[in-house]
Amino acid sequence: MTDFTMGKDADGVATITWDCPGKTMNVLSIEALQTLDGLIDDALADDAVKGIVITSAKKDFAAGMDLNALSRMKDDAGDDPARGLFDGIMQMHGVLRKIERAGMDPKTNKGGKPIAAALPGTAVGFGLELPLATHRIFAADNPKAKIGLPEIMVGIFPGAGGSTRLVRKLGAMGASPYLLEGKLVDPKKARGAGLIDEVADDPVAAARDWVLGADDADIVKPWDAKGYKMPGGAPYHPAGFQTFVGASAMVNGRTQGAFPAARALLSAVYEGALVPFDTALRIEARWFVNILMNPSSAAMIRSLFLNKEALEKGANRPEAPDQRVRKLGVLGAGMMGAGIALVSARAGIDVVLIDARQDAADKGKAYTADFMDKGIKRGKATEEKKAATLDRITATTDYSALAGCDLIIEAVFEDPEVKAEVTKQALDVVGPDCIFASNTSTLPITDLARASDKPEQFIGIHFFSPVEKMALVEIIKGKQTGDRAVAKALDYVRQIRKTPIAVNDARFFYANRCIIPYINEGMRMVKEGVAPALIDDAARQLGFPVGPLQLVDETSIDLGAKIARATKAAMGDAYPDTEVDEIIFFMEGEGRLGRKAKAGFFDYDENGKRLGYWKGLADRFPPLEEQPDLTLVQHRLMFAQVLEAVRALEDGVLEDIREGDVGAILGWGFAPWSGGPFSWLDIIGTPYAAERCDQLEAAYGPRFHCPDLLREMADKTQSFYSRFGPAEQAA
Ligand code: NAD
């Protein structure tokens, strides 16, 4: 069985059907490309064939290129992987260009055969690049289908002609949301935007009719016709110039130059726009190879695509029967409880939302109503959906409503006594099989589990704020947590379509354990006299969404002070952050509690807009005359986090480095281009990382001490993924 097959009918239409055996979704392999090439040759050479329709036998058209195929191209080329990639990509261009030219005379553009694509459903990545090479694209009227080029989201860009064709089709401005943001749209919107040509009830029949009726002029692409001008203007046209300058500024503003794929895409598009189409394809191929050779792209694909998907599909789920949640109890209808109720009800789960007072419970439910109203305004929800979602939430103070719940998530005040009390009250009502979870950010799960006489059914399900936006959920296994509780938490996270990591119980679990040293390192530098702007900018140029000082303002100084006091009380003399406390308590004393107080490391206007760094900081902590260089500041911020991640692995808090990498990117925006802390250490190499630890420790103290594990790996020049990654992914 092959991925592409062809049938020819009596009217002269050859239908090429894509149907990867044994897969639910079509993806392109190297072998399949060769099959497709052969079928196109056959159809073009056969006088009985008048036109060709390319479609899929599955409910969707295709998801794109098999990402493993790209790494195979690289590996197969031996000493010259870039050459191997380039040749492979040019071969792909050759097949697509053959489809586009369809056998027509190169001079007169006459005599070609019409080729149309018929998309039954989703067509993304290569799944759209192939249709873009045909002469007309028909899609089924399927509102669930997604159409677009999401490559940029995993650190590459459309490199099978998609970038070059889309820009020539829509203009640089029109193409930019699809290329630079990876925007996906349904078929009707795709037609409106010009990504596809027609939406039809039966796209194969419509495509068939079209190929039988099309004439020579219908199948010449604008860029192959005389006098072609790029919509919106090429770079040296006055309007085009503005577009390209604007796009360049926008991309650099957004990415701070930290994402190589965005920059390479812009270069491919800009340079490609100045030359004939076939040269533009070669340029696109060269930039694509440049990106594929960059370790960042391999790391991003691994973390944001392969590993994220593996975790979502339950890579670390213990054996247990299906644990999907039917009725969820949420205790505490504050900021977190309201968000948890919202995402759960939207996923079709019945929710009982409990608070101490009815008005607080109602307010928590109103959060869902507000969210749905915003969705209706933006055309993303309907009144019916809102009503159905709200119907699933019962807001009450009555614990007896929890009867029949199979999962409870507690999100009351961060106070062990309050938590113990509500845990007991809830457990009195529910059945013996109910799993109980706490959303605590700081309290050990093993301790909280004492409130239950079934600690094996007690677990941490730690959401990030705002719940509806943040994709990560951290699952915390207490000392006695059993497999069924872990499976329950994982199945629930899957139901609400978020990404789980499952870690063992320890102070601050995983994510907060790594974020706190990042924030603290930023504050230490302020105390040393490093300019606040240098600190935050250094972080943003590493690809962090916000710098450490801005992050403190967002999360508030009083929260920082509360955590500092509690940690100090728990750790006693071993407490390492006295220097940081000096600045936290100074800010607290000055009433500069962060954005909510409209005063923090930044000054704010009355609407909460940042105005600039607070001048008073420099009076208390005078700036150094000579500021450190950018790389040093960046290394301090990076090492503060990644060493903590390595320690979490050493301590057994993390059991899987994939969770460490994916959790870091989704949980706190750790430099996505790096693939996460472990991928970053692999990129810089463990020997260099260990050497840098020694230098940083000598200059700044024992918090940069090289963990034994890293030292041992450095001595053996081992990488984290070769030692700890799943075997088939070792790179
Ligand atoms: P919050 O103060 O907004 O909400 C707590 C809610 O619990 C309030 O509505 C309160 O009325 C209710 N409550 C208190 N005692 C109760 C009782 N005995 N019975 C019923 N309801 C009671 O707090 P939050 O920010 O939503 O945090 C809740 C939990 O989530 C805490 O454990 C916190 O550590 C954790 N958490 C918070 C964040 C965050 O960013 N805010 C992130 C992750 C986890």
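Values in this text are rule-based calculations from the coordinates and carry no lab data. This one's a predicted model, so the numbers in the text were calculated from it and none came from an experiment. Every residue, glycine among them, receives a Cβ derived from its backbone with ideal geometry; neighbour counts consider all protein chains shown.
Ordered by residue, what ³J(HN,Hα) values in Hz, to whole numbers, does region 406-411 give under the Karplus form 6.51 cos²θ - 1.76 cosθ + 1.60, where θ = phi - 60° and Gly and Pro are x?
9, 9, 10, 10, 9, 9
Using Cβ contacts closer than 10 Å as the measure, can you line up HIS135, HIS237, HIS93 from fewest to most? Numbers along the way, then the final one.
On the way: HIS135 24, HIS237 15, HIS93 20.
Starting with the residue having the fewest Cβ neighbours, the order is HIS237, HIS93, HIS135.
Rounding to the nearest 10 and keeping the result within 0 to 90°, find how far the Cα-based axis of helix 162-180 lies from the longest principal axis of the chain.
It is inclined by approximately 20 degrees.
For region 280-366, run through the GluC sites (Glu not before Pro) and keep only the ones in DSSP coil with at most 13 other Cβ atoms within 10 Å of their Cβ. Mind showing how you got there, number by number?
Details: sites: GLU284, GLU309, GLU312, GLU319; in loops: GLU319.
Here the GluC sites (Glu not before Pro) that fit, given the DSSP loop and packing criteria, are GLU319.
What is region 70-190 by shape, rounded, prolate or oblate, if you read a ≥ b ≥ c off the alpha carbon gyration tensor as root eigenvalues and call it rounded for a/c under 1.5, prolate for a/b larger than b/c, and oblate otherwise? Provide the component values of the computation, followed by the final result.
On the way: a/c = 1.85, a/b = 1.13, b/c = 1.64.
In terms of gyration-tensor shape, oblate.
Using only DSSP helix segments of four residues or longer, with each worth -39500 (n - 2.57), what per-residue ellipticity at 222 nm results for the chain after dividing by its residue count and rounding to 500?
On the way: 30 runs with 359 residues, N = 731.
Dividing the helical sum by the residues of the chain leaves -15000 deg cm²/dmol.
Can you classify region 1-145 as rounded, prolate or oblate using the Cα gyration tensor, where a ≥ b ≥ c are the square roots of its eigenvalues, rounded means a/c under 1.5, and otherwise it's prolate if a/b beats b/c and oblate if not?
Details: a/c = 1.83, a/b = 1.22, b/c = 1.51.
It is oblate, given that a/c is not under 1.5 and a/b is not larger than b/c.
Show me 495-502, 477-484 ranked by packing, highest mean number of other Cβ atoms within 10 Å first.
Working: 495-502: 21.2, 477-484: 18.6.
Final packing ranking: 495-502, 477-484.
Does anything in region 598-614 have its amide N under 16 Å from the 7 Å Cα→Cβ label point of LYS469, and if so which residues?
608-610
Need the full-extension length gain, THR2 to LEU559, defined as separation in residues times 0.36 nm minus the C-alpha distance. One decimal, nm.
On the way: separation 557, 0.36 × 557 = 200.52 nm, distance 5.93 nm.
Answer, rounded to one decimal: 194.6 nm.
Taking amide hydrogens as modeled 1.01 Å from N in the peptide plane, which residues meet the under 5 Å criterion relative to THR499, leaving out close sequence neighbours?
HN-HN under 5 Å from THR499: LEU472, VAL473.
Report the GluC sites (Glu not before Pro) located in region 661-731 that are in a DSSP loop and have at most 13 other Cβ atoms inside 10 Å of their Cβ, or state none. Don't skip to the answer; put the middle values down first.
Details: sites: GLU691, GLU697, GLU712, GLU728; in loops: none.
Listed in order of number, the matching sites amount to none.
What nm value, rounded to one decimal, do you get for the distance between ALA10 and ALA48 when each label is placed 7 Å out toward the C-beta?
1.2 nm
Please report how far the C-alpha centroid of region 461-497 lies from that of region 695-727, rounded to the nearest whole angstrom.
29 Å
What are the ³J(HN,Hα) couplings of region 577-586, residue after residue, when phi is run through the Karplus curve with 6.51, -1.76, 1.60 and θ = phi - 60°? Round to Hz, x for glycine and proline.
10, 4, 5, 5, 4, 4, 7, 4, 6, 5
Using the alpha-carbon centroid of each, what span in Å lies between region 256-308 and region 191-219?
When both Cα centres are located, 31 Å separates them.
Given labels modelled 7 Å from the Cα in the Cβ direction, how far is it in nm from VAL275 to ASP202?
So the label points at VAL275 and ASP202 sit 4.6 nm apart.
Could you sort the peptides 369-376, 401-408, 166-173 by per-residue average Cβ neighbour count (10 Å cutoff), highest mean leading? Don't jump to the answer; show the numbers that get you there.
Numbers: 369-376: 15.5, 401-408: 20.1, 166-173: 22.8.
By packing density, highest mean first, the sequence is 166-173, 401-408, 369-376.
For the chain, list the cysteines whose Cβ sits under 4.7 Å from no other cysteine Cβ?
Cysteines of the chain left without a disulfide-compatible partner: CYS20, CYS405, CYS434, CYS514.
Would you mind getting me the FRET efficiency between LYS615 and TYR575? Use the beta-carbon distance for r and R0 = 22 Å, nearest 0.05. List each step's numbers first, then the result.
Details: r = 31 Å, r/R0 = 1.41.
Between LYS615 and TYR575 the formula returns 0.10.
When ranked by the protection proxy of mean other Cβ atoms within 10 Å per residue, highest first, what sequence do the peptides 125-131, 415-421, 626-632 form?
Numbers: 125-131: 28.0, 415-421: 14.6, 626-632: 12.7.
Those peptides, ordered most packed to least, come out 125-131, 415-421, 626-632.
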